[in-house]
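Before anything else, here's the structure in question.
The values are calculated or read from the model by the stated rules, or taken from the named source; none is laboratory data. All of these numbers come straight from a predicted model, not from anything done at the bench. FYI the Cβ positions are ideal-geometry reconstructions off the backbone, even for glycines, and counts take in every protein chain you see. Protein only, heavy atoms only, side chains kept; ligands, DNA and RNA dropped before computing areas. Shrake-Rupley method; radii C 1.70, N 1.55, O 1.52, S 1.80 Å.
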Amino acid sequence: MSEVKRRHERAVAENLLSSLGKKYTFVRMGNDRDEPDVIFKVENITIGIEVATAYYEDIDAKQAWTLARGKRKFPKEGYELRWGGAIWEPDQKMCERIQNEVSKKVEKNYVGADEVWLCIDEHAPITRIEVTKNCASELTIPENGFSSIYILHHNTDDEGSGHTAVRAK
């Protein structure tokens, strides 16, 4: 697995725990076979966090990861347009993508931690927290082994800095 992806998973998991106000100690990265992505000690238990990222469309993931992996440089203008152009119904698309990530992840069983959480990193720069909360309440979550499922919302400029964890389960 790429080191960039592992750093991303750890950063997302740490942002989740911080947004929940949890004091944690990093234990180790999961083994990529049957363990969650990142394992922490929180109070007296080990919590494994499986991380998934939801984008409006696949092209958004490609745009983000080609930059993160150093396959291209960020434009010197200091901004870039969305490769996918204008986006229609972004909130609906994001909720559908979150549902897809949940549906994929609940099929797997994880070991290596007292509790296993799922964190969907919502890569949705124009989606507001109210939309994320509504999406979380409407998700279809089949029977699964996760103790908790969260959507990690990146706050928009007027929502304050940082992240907000929205619990779906």
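GNM, the chain, Cα, under 10 Å: largest mean-square fluctuation among K76, K133, K104?
It is K76.
What are the residues whose amide H is under 5 Å from the amide H of L139, where those residues sit 5 or more places off or on another chain and H is modelled from the backbone?
none
Same structure, new question: Counting pairs of alpha carbon atoms under 8 Å apart in space and at least six apart in sequence, what relative contact order in percent does segment 1-127 give?
Reported as a whole number, the value is 31 percent.
Give the accessible surface of the chain per residue, rounded to a whole number of Å², with probe radius 1.4 Å and ligands, DNA and RNA excluded. Numbers along the way, then the final one.
Values: 9420 Å² over 169 residues.
Here the per-residue accessible area is 56 Å².
Highest GNM mean-square fluctuation, the chain, Cα pairs closer than 10 Å: which of A86, A64, A113?
A86
Which pairs, out of K23/K93; K76/K108; K22/K133; K73/K169, put more than 31 Å between their alpha-carbon atoms? Show your work: numbers first, answer last.
Numbers: K23/K93 34 Å; K76/K108 42 Å; K22/K133 21 Å; K73/K169 39 Å.
Pairs exceeding the cut-off: K23/K93; K76/K108; K73/K169.
Can you list residues from other chains, or at least 5 along the same chain, whose modelled amide H is less than 5 Å from the amide H of H163?
The list, which skips near neighbours in sequence, is N155.
Express in % the proportion of alpha carbon pairs of segment 87-126 at distances exceeding 17 Å.
On the way: 323 of 780 pairs.
Result: 41 percent of Cα pairs exceed 17 Å.
Also, quick follow-up: State the Cα centre-to-centre distance between segment 9-88 and segment 105-156 in whole Å.
13 Å
Consider the candidate values (1) 74, 35, 27; (2) 53, 26, 24; (3) 47, 35, 31; state which one is Cα extents along the principal axes in Å computed from the structure displayed.
Here Cα extents along the principal axes in Å agrees with entry (3).
Further, regarding this structure: Tally up the carbon and sulfur contribution to the accessible surface of the chain as a whole percent, 1.4 Å probe, everything protein left in place.
Details: 4640 of 9420 Å².
C and S atoms contribute 49 percent here.
Give the residue list of chymotrypsin sites (Phe, Trp or Tyr not before Pro) in segment 31-80 that are DSSP loop and have at most 16 other beta-carbon atoms within 10 angstrom.
Those that pass, being in a loop and sparsely packed, are Y79.
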